[in-house]
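Trainee: Starting off with a structure, shown below.
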Amino acid sequence: MSGLPREVIKWIQSLDLTWQIKTAKWDVTNGYLIAEIFSWYFPQDIQMHSYNNGTSLDSKQKNWYLLKLFIKRHSLDIPEEYIDGTIHCKEGAAAMLLENIYELLTNRKVKKTQTEEPDFTDKLYQEKLPMHARSTASKAVKNNLRITEIMADQNLILGAQKSQKIINDHIEHRRQERYQNPDRFQVKPTLGELCVRRPPPQPAQPTFEDSTMGESAAVPSQVNPEDLQSMSREPSVQFKEIEVNQMDKSALYNMPIQGY
């Protein structure tokens with residue numbers, strides 16, 4: 001039961017299920033054990049003979065279709081992405097689903113160590129590996145895009161968007177690795193990074209004496225409004241006038257026309 005808190009493991013063991021949950025990602029994907037957990041608390045609503053303990057996609061969809069009707073009928077707050085991630089065996093989805101069911105059925109809170117919500121990818125696993133053993137772009141698509149997702153929704157555009165998002169995340173992770181380990185990737189610093197960056201000068205804090213002097217100097221004297229108008233109308237730039245003698249154009253019309 002790796003990935004589950006201790007109180008959740010003890011709670012699951014106390015239910016005496018058909019078989020023990022060893023790896024939540026694979027053991028609860030078909031929804032059979034989830035239905036068995038709910039049958040302990042709602043025996044009149046969950047009939048175990050209606051659920052199939054199979055591993056095919058058709059068995060998963062039928063079991064989870066009945067479970068979704070049950071969840072909607074009782075207004076249980078279970079996110080849809082937890083269910084979809086559990087069906088398609090996404091990383092961390094089954095553990096989050098079991099924790100959520102534990103909180104709903106026991107009215108207790110799980111002590112979580114992770115502050116951010118998981119994205120149901122193998123990002124945490126890849127960060128633990130050495131750099132030479134981490135997955136490539138094609139391997140990242142294979143690890144994070146399950147074949148059951150494509151079989152369940154055969155929309156080519158949606159599948160292409162999911163693949164492109166995985167590739168974009170992989171490129172961003174590679175860019176962060178190059179930034180964090182420039183010596184390994186032989187990344188040379190740019191000219192801007194080599195420049196010495198000094199903080200801008202901080203303005204001097206005014207003291208009590210400066211404030212009193214400023215108040216005394218800020219008292220305006222009486223100014224004539226006509227002087228203000230003349231000052232505002234005066235141009236800030238002085239121009240010098242130049243006299244130019246223009247040629248008399250009437251002499252051009254009186255000149256004789258030369259023949260050819």
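Trainee: I'd like to know if the stretch 217-229 contains one or more residues that are part of a loop (DSSP other than H, G, I, E, B) and at pLDDT 70 or above.
Mentor: Scanning the stretch 217-229, I find no residue that is part of a loop (DSSP other than H, G, I, E, B) and at pLDDT 70 or above, so the answer is no.
Trainee: Next up: What is the residue count in the stretch 1-36 for residues that are within 20 Å of ASP84 (Cβ to Cβ), open to solvent by 20 Å² or more (accessible area, probe 1.4 Å) and not in a loop (DSSP other than H, G, I, E, B)?
Mentor: Summing the residues that are within 20 Å of ASP84 (Cβ to Cβ), open to solvent by 20 Å² or more (accessible area, probe 1.4 Å) and not in a loop (DSSP other than H, G, I, E, B) in the stretch 1-36 gives 4.
Trainee: What residue, among those in the stretch 78-116 that are in contact with a Lys or Arg (Cβ under 6 Å, 6 or more places away or on another chain) and part of a loop (DSSP other than H, G, I, E, B), is most open to solvent (accessible area, probe 1.4 Å)?
Mentor: Here the answer is HIS88.
Trainee: Here is a list: SER75, SER59, SER50, SER39. Which entry is crowded, with 16+ Cβ neighbours inside 10 Å, farther than 20 Å from THR148 by Cα and at pLDDT below 95?
Mentor: Answer to the check: SER39.
Trainee: Would you check if there is a residue in the stretch 107-117 being touching a residue at least 12 places away in the same chain (Cβ under 8 Å) and among the polar types (S, T, N, Q)?
Mentor: Checked against the condition, which is being touching a residue at least 12 places away in the same chain (Cβ under 8 Å) and among the polar types (S, T, N, Q), the stretch 107-117 yields no hits at all.
This table checks each residue for (1) among the basic types (Lys, Arg); (2) surrounded by 10 or more Cβ atoms within 10 Å (Cβ to Cβ); (3) more than 30 Å from ASN30 (Cβ to Cβ); (4) touching a helix residue (DSSP H, G or I) at 6+ places or on another chain (Cβ under 6 Å).
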| site | (1), (2), (3), (4) |
| --- | --- |
| ILE150 | no, yes, no, yes |
| ILE157 | no, no, no, no |
| THR190 | no, no, yes, no |
| ARG197 | yes, no, yes, no |
| ALA204 | no, no, yes, no |
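Trainee: Being more than 22 Å from LEU4 (Cβ to Cβ) and either in contact (Cβ under 8 Å) with a residue 60 or more places away in the chain or among the polar types (S, T, N, Q) (or both) is true for just one of ASN100, ASN63, ASN52. Which residue is that?
Mentor: ASN52
The values are calculated or read from the model by the stated rules, or taken from the named source; none is laboratory data. Since the model is a prediction, treat every value here as computed from it, not as a measurement. Don't worry about glycine lacking a Cβ; one is built from the backbone with ideal geometry, like all the others, and counts go over all protein chains shown. Just the protein is used for accessible areas: all its heavy atoms, side chains included, with ligands, DNA and RNA removed. Shrake-Rupley method; radii C 1.70, N 1.55, O 1.52, S 1.80 Å.
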